[in-house]
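Heads up, the thing below is written out as structure tokens.
The values are calculated or read from the model by the stated rules, or taken from the named source; none is laboratory data. Computed from a prediction, not measured in an experiment: that's the story for all the values here. Every residue, glycine among them, receives a Cβ derived from its backbone with ideal geometry; neighbour counts consider all protein chains shown. Just so you know, the surface numbers come from the protein's heavy atoms only, side chains and all, with ligands and any DNA or RNA stripped out. Shrake-Rupley method; radii C 1.70, N 1.55, O 1.52, S 1.80 Å.
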Amino acid sequence: MSNPTIIAIDLAKDVLQVCKVTSKNKISYNKTVSRKALKELLSREKDCLVAMEACASSQYWSRFALKLGLSVKAMHARHVKPFRTTQKTDRNDALAIAVAATQLTIKPTRILTIDEQGLQSLERIRDLQKSQCIAISNQIRSLLGEFGITIAKGDKALREAMPYIFEDAENELPHSLRAVLFSQWENYRHQVEHLDSITEHLEVEVQKNHQCQKFMKLEGVGPLGAVGLVIALGDGKAFSNGRAASACIGVTPVQHSSGGKENIGSIAKKSSGQRLRSVLFNGAMSVVSFLSKRAARTVKEQWLKALIERRGKKVAAVALINKNIRTAYAILINGTQYKPQLLEA
């Protein structure tokens, strides 16, 4: 569809700004509508491109527009911002989205299916719950440290030490703090139980997902990594090749080339796949650390072991992530299973 009519939506909770730009590059309207009115407006439109920023509720509106047979382009907010040339208002934001949607170099974000959205939501809930457990644990340790009571690292050490601390009447804990601290400790235990429950539920969903099962056969990819890959890659058709998939997650070197000179740097510190990259890196480091203590058994392990000796463990871990993502992309495109090639005896 060349030079299409664009319906740009500046998303919000209840009141949304909609800007329609015709195929002749004329603004038909730029108005505020309700959620119900937006649904009716989109239902009347034919052969147009619905553009929006990839933010809260963008997945819902993208799927709604697709069901109506419309084209959709959801873009990262940082790609839209340069096209807002005047003050920040809802009208100007909607117009900037419409202009950004015409740029061929701006790639759209992937639209998740209902099942993928559910998996992502479960992972996000677990991540928040884990953060809350860590925050409560750190607060308890810090408060006790002010009274000269130190606890070794790890959840196990905390669970073993707390009962003795509350029973010790000779430590310097004030009576007023002791009761509240005990309540906070009970809160921590409840939060950990809730985290375990969410983790179990997520693991059940991973067992049901055949793509997750395929990805978990890759070295260093566990349930969380598999869920992240399913969400990031989908069916693989959003990427032109395996390198594009790796670049999206942020495990390919950053280029800064000019005048025919190629300058290849390290991987970017910040990327759209930062959460997934962190999970995959932890898994890859476990594989690298374990492999450095034993002989290689597969061709891939032989390559990885040589890379560890040549470049170090962290570089090898990133290289393993890169290879795993490309392999996952090939699995999706070709519909195959991952089978490591064993070394000949």
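Sort through Phe166, Phe239 and tell me the only one that's out of contact with any Lys or Arg (no Cβ under 6 Å at 6 or more places or on another chain), surrounded by 14 or more Cβ atoms within 10 Å (Cβ to Cβ), of a type in the set (Phe, Trp, Tyr) and not in a loop (DSSP other than H, G, I, E, B).
Phe166
With respect to Arg110, is the statement that it is touching a residue at least 24 places away in the same chain (Cβ under 8 Å), basic (Lys, Arg) and open to solvent by 40 Å² or more (accessible area, probe 1.4 Å) true?
Numbers: touching a residue at least 24 places away in the same chain (Cβ under 8 Å): yes; basic (Lys, Arg): yes; open to solvent by 40 Å² or more (accessible area, probe 1.4 Å): yes.
Taking the combined requirement at face value, the residue satisfies it.
Considering each residue of segment 6-31, count those that are open to solvent by less than 30 Å² (accessible area, probe 1.4 Å) and in contact (Cβ under 8 Å) with a residue 24 or more places away in the chain, and give that number. Quick ask: steps written out before the conclusion?
Looking only at segment 6-31, we keep the residues that are open to solvent by less than 30 Å² (accessible area, probe 1.4 Å), and these are 6-11, 16-19, 21, 30.
Adding the requirement that they be in contact (Cβ under 8 Å) with a residue 24 or more places away in the chain leaves 6-11, 17-19, 21, 30.
Of the residues in that region, 11 qualify.
Taking the conditions exactly as written (hydrophobic (A, V, I, L, M, F, W, C), part of a helix (DSSP H, G or I) and either touching a residue at least 24 places away in the same chain (Cβ under 8 Å) or open to solvent by less than 60 Å² (accessible area, probe 1.4 Å) (or both)), does Ala296 satisfy them or not?
Details: hydrophobic (A, V, I, L, M, F, W, C): yes; part of a helix (DSSP H, G or I): no; either touching a residue at least 24 places away in the same chain (Cβ under 8 Å) or open to solvent by less than 60 Å² (accessible area, probe 1.4 Å) (or both): yes.
Against the criterion (hydrophobic (A, V, I, L, M, F, W, C), part of a helix (DSSP H, G or I) and either touching a residue at least 24 places away in the same chain (Cβ under 8 Å) or open to solvent by less than 60 Å² (accessible area, probe 1.4 Å) (or both)), Ala296 does not qualify.
Any idea which of (1) in a helix (DSSP H, G or I); (2) out of contact with any strand residue (DSSP E or B) (no Cβ under 9 Å at 6 or more places or on another chain); (3) surrounded by 12 or more Cβ atoms within 10 Å (Cβ to Cβ) is the one Arg277 doesn't satisfy?
(2)
Results for (1) at pLDDT 95 or above; (2) within 30 Å of Ser121 (Cα to Cα); (3) out of contact with any His (no Cβ under 7 Å at 6 or more places or on another chain), shown as yes or no for each residue.
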site: Leu143; (1), (2), (3): no, no, yes
site: Ile151; (1), (2), (3): no, no, yes
site: Arg159; (1), (2), (3): no, yes, yes
site: Phe182; (1), (2), (3): no, no, yes
site: His190; (1), (2), (3): yes, yes, yes
site: His194; (1), (2), (3): yes, yes, yes
site: Ser197; (1), (2), (3): yes, yes, yes
site: Asn209; (1), (2), (3): no, yes, yes
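Would you check which residues across segment 32-54 are open to solvent by less than 70 Å² (accessible area, probe 1.4 Å) and more than 13 Å from Ala65 (Cβ to Cβ) and list them?
Matches in segment 32-54: Val33, Ser34, Ala37, Glu53, Ala54.
For segment 163-219, enumerate the residues that are farther than 23 Å from Ile151 by Cα, among the aliphatic types (A, V, I, L, M) and touching a helix residue (DSSP H, G or I) at 6+ places or on another chain (Cβ under 6 Å).
Matches in segment 163-219: Ile198, Leu202, Val206, Met216, Leu218.
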